1. Fully extended, how many nm does the chain gain between residue 203 and residue 94 (0.36 nm per residue separation, minus their Cα-Cα distance)?
2. Can you tell me the FRET efficiency between residue 140 and residue 178 if r is taken as the Cβ-Cβ distance and R0 is 22 Å, rounded to the nearest 0.05?
3. Sort 122-129, 134-141 by packing, meaning the average of other beta carbons within 10 Å per residue, with the highest value first.
4. Leaving out ligands, DNA and RNA, and with a 1.4 Å probe, what % of the accessible surface on region 77-203 is carbon or sulfur?
5. About the Cα centre of region 77-203, how large is the charge dipole given +1 on each Lys and Arg Cβ and -1 on each Asp and Glu Cβ? Please answer in debye to the nearest 20.
6. Per Stokes-Einstein, at 4 °C and 1.567 mPa s, what whole-number D in µm² s⁻¹ belongs to region 77-203, with the Kirkwood radius over Cα pairs as the hydrodynamic radius?
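The values are calculated or read from the model by the stated rules, or taken from the named source; none is laboratory data. Note that the structure is predicted; figures quoted are calculated from it, not measured. Please note: Cβ atoms are built from the backbone with ideal geometry, for glycine as well, and neighbour counts cover all protein chains shown. Remember, those area values only see protein heavy atoms, side chains included, never the ligands or the DNA or RNA. Shrake-Rupley method; radii C 1.70, N 1.55, O 1.52, S 1.80 Å.
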Amino acid sequence: METTLLFFSQINMCESKEKTFFKLIHGSGKEETSKEAKIRAKEKRNRLSLLVQKPEFHEDTCSSRSGHLAKETRVSPEEAVKWGESFDKLLSHRDGLEAFTRFLKTEFSEENIEFWIACEDFKKSKGPQQIHLKAKAIYEKFIKTDAPKEVNLDFHTKEVITKSITQPTLHSFDAAQSRVYQLMEQDSYTRFLKSDIYLDLIEGRPQRPTNLRRRSRSFTCNEFQDVQSDVAIWL
């Protein structure tokens with residue numbers, strides 16, 4: 001009997017030691033995990049602190065902000081007010097042209113101003129080769145049916161351009177340009193003068209971000225292969 005009691009007592013002692021051992025093992029693991037997490041968090045904070053302290057970090061941030069502000073404030077309210085006097089005054093001013101283009105992008109009709117700009121540049125073409133190359137580029141992009149930036153023209157105007165595109169002149173797009181100009185002046189320009197883009201400018205408020213749901217591919221002289229172009233009025 002005494003031997004039996006001694007045997008069970010030894011078993012209980014072994015179980016107790018095992019439980020203590022496992023508690024120590026698991027407790028140590030948790031403590032180690034906690035320490036490692038704290039060390040990693042501290043390292044991340046140190047790296048972030050070093051990044052913020054770098055001079056180039058502040059310089060890039062400041063230059064980016066100053067550049068953005070410069071773009072917002074470069075047009076005086078007095079200058080912007082003049083754009084409301086006539087459509088010609090708006091288009092003749094570089095910043096006015098840029099503001100109007102931003103507005104047209106919000107209405108998904110920027111192809112009109114891009115076509116008008118392309119026609120203005122086309123009129124400055126020199127020599128038959130340059131005239132031919134530019135005329136073809138304008139026709140392919142803005143005039144032909146299903147063109148990537150097809151403008152809204154009546155059938156007769158498009159037909160005349162299509163027939164003359166093989167032997168274009170500096171006046172090949174005059175009728176089309178005049179039609180698009182009238183459309184913008186009578187329709188888009190009126191809405192532009194009531195838009196937030198214009199009202200913010202004449203009241204000296206910071207420009208608001210323009211939310212665009214699609215990207216517009218701007219018309220540039222790069223589309224004319226090896227053609228010299230006067231881009232002074234281009235955006």
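1. Fully extending the segment from residue 203 to residue 94 adds 37.3 nm.
2. For R0 = 22 Å, the calculated efficiency reads 0.55.
3. 134-141, 122-129
4. 53
5. Details: 18 positive and 23 negative charges, 148 e Å.
Here region 77-203 has a charge dipole of around 720 debye.
6. Values: Rh = 15.4 Å.
It comes out at roughly 84 µm²/s.
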